[in-house]
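A quick write-up on the structure given underneath.
The values are calculated or read from the model by the stated rules, or taken from the named source; none is laboratory data. The shown structure was predicted, so the numbers you read here are calculated from the model rather than taken from an experiment. All Cβ positions, even for glycine, are placed from backbone atoms using ideal geometry, and neighbour counts span all protein chains on display.
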Amino acid sequence: MTAIVTVRGLKKSFRDGDGRREILGDATFDLAPGSINVVVGPSGSGKSTLLNLVCGIDIPDSGEIVIDGQAISGLDETRRTLLRRRKIGLVFQFFNLLPTLTLWENVTLPIQLNSLDPRAGAERLERLLDLVGLRERRDEFPEHLSGGEQQRAAILRALAHEPALVLADEPTGNLDHDAGARVISEFTRLARAQGTTLLIATHSDALVRAADHVLRIENRRVVPHGL
Ligand SMILES: Nc1ncnc2c1ncn2[C@@H]1O[C@H](COP(=O)(O)OP(=O)(O)OP(=O)(O)O)[C@@H](O)[C@H]1O
Ligand SMILES: [Mg+2]
């Protein structure tokens, strides 16, 4: 099966004083369609850096990233933004819900941004809201939602336009153990139901157990982690 994400020889360094510090030296891996993948490694090893490169928010020094058959290095900023909007959903550690929009307005935003059929999109999202127990909270603004509710909303928003790929950075980083476990099982269940590939940076053992594949950043490389 063709990989949904192909990464080859990725290098990334940041300026450090007068020199540069290499974070990723030769990252090479593939993600299979519909697979659930986590990336682990010590704090500062480059997990968030890797996600930022894969979604095209940041640019590598060299190497190749292909998303669903499209090499992102060949795209200008506008085309990278379009690719991200259409094919990728993002979940950040601090949720990043827009504070002036209600929960419902937040989760339906990707449908509008991609000019998808609003009626079909709304029906899907209504079902998803039910599945994750947020129907009654749909007209609340983010500041009135608990951390777990905001996190579930952020996950729904990332999945709303049925992207090929969802990237999540520490999606349970701010939740207690039980809330984190619920979010993990809902996230992986929804992703499996719609065949979305997940790449999740995490320190959570529960997410590592829920994954099909574990990648580890070690010595500036991405290596398979024994399961
Ligand atoms: N824009 C930047 N400019 C300079 N250095 C950066 C930049 N972004 C990240 N770094 C450095 O790169 C290294 C890797 O950072 P990154 O955020 O990818 O780590 P991480 O594995 O996600 O860590 P954590 O588990 O703490 O989230 C860190 O030392 C960080 O300080
Ligand atoms: Mg990080």
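Taking the stretch 18-50 only, how many residues are more than 13 Å from ligand 1 (Cβ to nearest atom) and in contact with a Gly (Cβ under 8 Å, 6 or more places away or on another chain)?
Total meeting the criteria: 4.
From 93, 112, which residue is assigned to a loop (DSSP other than H, G, I, E, B) and of a type outside the set (Val, Ile, Thr)?
93
Can you tell me which residue within the stretch 12-31, out of those that are among the hydrophobic types (A, V, I, L, M, F, W, C) and surrounded by 15 or more Cβ atoms within 10 Å (Cβ to Cβ), is nearest to the chain's Cα centre (by Cα)?
31
Filter the stretch 44-88 down to the residues that are farther than 16 Å from residue 7 by Cα and within 16 Å of ligand 2 (Cβ to nearest atom) and list them by number.
Hits for the stretch 44-88 are 44, 45.
Test each condition in (1) surrounded by fewer than 17 Cβ atoms within 10 Å (Cβ to Cβ); (2) touching a helix residue (DSSP H, G or I) at 6+ places or on another chain (Cβ under 9 Å) for residue 65 and report the one that comes out false.
(1)
For the stretch 51-96, give me the residue count where each residue is under 21 Å from residue 216 (Cβ atoms), within 15 Å of ligand 1 (Cβ to nearest atom) and over 11 Å from the mean Cα position of the chain (by Cα).
Going through the stretch 51-96 one residue at a time, the tally reaches 3.
So, residue 39, is that one modelled with pLDDT of 95 or more, in a strand (DSSP E or B) and in contact with a Lys or Arg (Cβ under 6 Å, 6 or more places away or on another chain) or not?
yes
State the number of residues belonging to the stretch 141-164 that are within 15 Å of the chain's Cα centre (by Cα) and either assigned to a helix (DSSP H, G or I) or within 15 Å of residue 211 (Cα to Cα) (or both).
9
Which residue is nearest to ligand 2 (Cβ to nearest atom), if the candidates are limited to the stretch 15-31 and must be at negative phi and free of Cβ contacts under 8 Å to residues at least 24 places away in the same chain?
21
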